[in-house]
1. Can we say residue 63 is of a type in the set (Asp, Glu), at pLDDT 85 or above and within 24 Å of residue 188 (Cβ to Cβ)?
2. If a residue must be surrounded by 10 or more Cβ atoms within 10 Å (Cβ to Cβ) and either assigned to a loop (DSSP other than H, G, I, E, B) or modelled with pLDDT of 95 or more (or both), how many such residues does region 27-46 contain?
3. Tell me which of these residue 194 doesn't satisfy, since it passes every other one: (1) polar (S, T, N, Q); (2) at pLDDT 85 or above; (3) not in a strand (DSSP E or B).
4. When you go through (1) basic (Lys, Arg); (2) modelled with pLDDT of 85 or more; (3) surrounded by fewer than 17 Cβ atoms within 10 Å (Cβ to Cβ) one by one for residue 168, which number turns out not to apply?
5. Please work out if residue 156 is modelled with pLDDT under 90, exposed (fewer than 14 other Cβ atoms within 10 Å of the Cβ), small (Gly, Ala, Ser) and farther than 23 Å from residue 83 by Cβ.
6. Answer yes or no: is there a residue in region 123-143 that is surrounded by 14 or more Cβ atoms within 10 Å (Cβ to Cβ), of a type outside the set (A, V, I, L, M), in a loop (DSSP other than H, G, I, E, B) and modelled with pLDDT under 85.
Amino acid sequence: MIESAPLTNQCAQRGTEMNTTDSRDDDRLATVYQQRAARLAARTAPSSSDATTPVLLFKLAPETYAVELASVTVVTPLTACTPVPGGPPWLAGVMNLRGDVRSVIDLRQMIGLPSSDASTSSHLVVLRHEEHLVCAHVDQVERVTPIALGSLARPSEQMSNVDGRYVRGVTSDNVIVLDVPALFRHFHLNTHRTGET
């Protein structure tokens, strides 16, 4: 005959041991999962310098420039514009754009480069800052591409012909990223001065 009391006690002891083991295993698994999640987060989360922003690339003379795509309203082929007497040298004129009169700037002259000659490949990049729009004359529009704005380098001495006030920085492949708000500040300051005189 088998005594039930020792067997019951033995089962209870083993159950306690199993519960303790299960608890330890659960803790160990939770730790492993937390460590794995931390490794995955560190691997997938981009740093501020690695985060990319879409930009529009275009040509001015031989160099490639860029502006944030969020600042671009539309790209359109260059059409005739009406000169503005007494305006600053970089103000090419005004034009009718979808029923609204917009200023056209010679972006080359504004940033310190020689004036551009209108050609069949010329385009207007319509830039927006806050509620203002302006048409920027560029030589050639290339493409949209992502770049890491947090990794931009300062302009080099070889870029002394470009006014640094309008440059945010330069990419590793020498794309010059322009500061759109700075361009608009220059535009409004000088056009208002011209209007007052």
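The values are calculated or read from the model by the stated rules, or taken from the named source; none is laboratory data. It should be emphasised that the depicted structure is a prediction, and the values quoted were computed from it without experimental measurement. Backbone-built Cβ (ideal geometry, glycine too); neighbour counts: all protein chains shown.
1. Judged against the criteria, residue 63 is not a match.
2. 1
3. It is condition (2) that residue 194 fails.
4. Evaluating residue 168 over (1) basic (Lys, Arg); (2) modelled with pLDDT of 85 or more; (3) surrounded by fewer than 17 Cβ atoms within 10 Å (Cβ to Cβ) leaves (3) as the failure.
5. Details: modelled with pLDDT under 90: yes; exposed (fewer than 14 other Cβ atoms within 10 Å of the Cβ): yes; small (Gly, Ala, Ser): yes; farther than 23 Å from residue 83 by Cβ: yes.
When the stated conditions are applied, residue 156 passes them.
6. Restricting attention to region 123-143, the residues satisfying the condition of being surrounded by 14 or more Cβ atoms within 10 Å (Cβ to Cβ) are 123-129, 133-139, 141-142.
Still in the list and also of a type outside the set (A, V, I, L, M): 123, 128-129, 135, 137, 139, 142.
When the remaining residues are screened for being in a loop (DSSP other than H, G, I, E, B), the result is 139.
Add one more test, that the residue is modelled with pLDDT under 85, and what stays is none.
No.
Quick grid of which residues meet (1) of a type outside the set (A, V, I, L, M, F, W, C); (2) within 18 Å of residue 59 (Cα to Cα):
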{"site": "88", "(1), (2)": "yes, no"}
{"site": "97", "(1), (2)": "no, no"}
{"site": "103", "(1), (2)": "yes, no"}
{"site": "112", "(1), (2)": "yes, yes"}
{"site": "122", "(1), (2)": "yes, yes"}
{"site": "126", "(1), (2)": "no, yes"}
{"site": "137", "(1), (2)": "yes, yes"}
{"site": "163", "(1), (2)": "yes, yes"}
{"site": "168", "(1), (2)": "yes, yes"}
